[in-house]
Amino acid sequence: SQTIHQWPATLVQPVGSPLSLECTVEGTSNPNLYWYRQAAGRGLQLLFYSVGIGQISSEVPQNLSASRPQDRQFILSSKKLLLSDSGFYLCAWSVLQNTEAFFGQGTRLTVV
Amino acid sequence: KQEVTQIPAALSVPEGENLVLNCSFTDSAIYNLQWFRQDPGKGLTSLLLIQSSQREQTSGRLNASLDKSSGRSTLYIAASQPGDSATYLCAVRPSGNKLVFGAGTILRVKS
């Protein structure tokens, strides 16, 4: 069966520090991968998605970037965190763009 | 631009009651609609997926319907239990490669 792993579960980082969140999927090949952010009291917002290795699409301009160095690995990064980057970050995958999406357990990021 | 609205924002019911959560979307051009459950501080758990050609899907005590032409979906929960307490999220997949989410309905089932 397929599983998705995200880490760390929680993270407290100072303003201006770098960020690296990792997501890996097991049990499937060539998944579509997604990074979403959930801000307090707001719906989920798509940040990046990837349909293959090295292929990244950005949905919103921001202080973050994403990379997909391996088929089942998706990384969310920042060179210098801002206070506004705080939130709950969720990784997701689907087989195709019109099939069921599955989410990881999320990373709670607090920038102080 | 696709927008998704969920009503009510919060709901509190006694155990055993049947309940309906509502989801509406502004653009009927969607691939599918998916209902999720989110427990506090946790990720999303997929409950039901309805393809655009389908009218409803059922899983246990859950039944989701889709009326694409009117831009509406409902999630029906039968015989609610305290363990059903969570935030329920509706998301549509328009043409493209992303899900557009509603803000969710916070459900509390009292024992």
statement: The ratio Rg/Rh over the Cα atoms of chain A, Rh being the Kirkwood inverse mean 1/r radius, stands at 0.95
query: Considering only B:L66, B:P82, B:Y31, whose Cα is most displaced toward the positive end of the charge dipole of region B:3-85, charges sitting on Cβ of Lys, Arg (+1) and Asp, Glu (-1)?
result: B:Y31
message: At 0.890 mPa s and 25 °C, plugging the Kirkwood radius over alpha-carbon pairs of region A:69-112 into Stokes-Einstein gives what diffusion coefficient in µm²/s?
response: 196 µm²/s
message: Under a crude label model (7 Å from the Cα following the beta-carbon direction), how far is A:Q55 from B:E3 in nanometres?
response: 3.3 nm
query: Which three lengths, in whole Å and largest first, does the protein assembly as shown cover when its Cα atoms are put on their principal axes?
result: 49, 36, 35
message: Quick check for you: with a 1.4 Å probe and neighbouring chains kept, what is the accessible area per residue of the protein assembly as shown, in Å²?
response: 47 Å²
- prompt: Which is the longest run of chain B containing none of the trypsin sites (Lys or Arg not before Pro) found in DSSP loop states (not H, G, I, E, B) with at most 11 other C-beta atoms within 10 Å?
  reply: B:56-111
message: Within chain B, what whole-number % of the accessible surface is contributed by carbon and sulfur, with the 1.4 Å probe and all protein chains included in the calculation?
response: 48 percent
field: Reference-scaled alpha-carbon Rg (2.2 N^0.38 Å with N residues) for region B:1-47
entry: 1.40
query: Nearest 100 Å², what total accessible surface is buried between chain A and chain B (probe 1.4 Å)?
result: 1700 Å²
task: Just the ratio, please: alpha-carbon radius of gyration of chain B over 2.2 N^0.38 Å, N its number of residues.
output: 1.01
- prompt: What's the center-to-center distance, using Cα atoms, between region A:69-99 and region B:18-93 in Å?
  reply: 24 Å
task: Apply 1/(1 + (r/R0)^6) to the Cβ-Cβ distance of B:R72 and B:L19, taking R0 = 22 Å, and write down the FRET efficiency to the nearest 0.05.
output: 0.85
statement: So the number of lysine pairs in the protein assembly as shown with alpha-carbon atoms under 30 angstrom apart, 8 or more residues apart or on different chains, is 11
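The values are calculated or read from the model by the stated rules, or taken from the named source; none is laboratory data. Quick caveat, the model's predicted, so the values are computed rather than measured. Here the Cβ is made from the backbone with ideal geometry for all residues, glycine too, and neighbour counts use every protein chain on show. Surface accessibility is based on the protein's heavy atoms, side chains included, excluding ligands, DNA and RNA. Shrake-Rupley method; radii C 1.70, N 1.55, O 1.52, S 1.80 Å.
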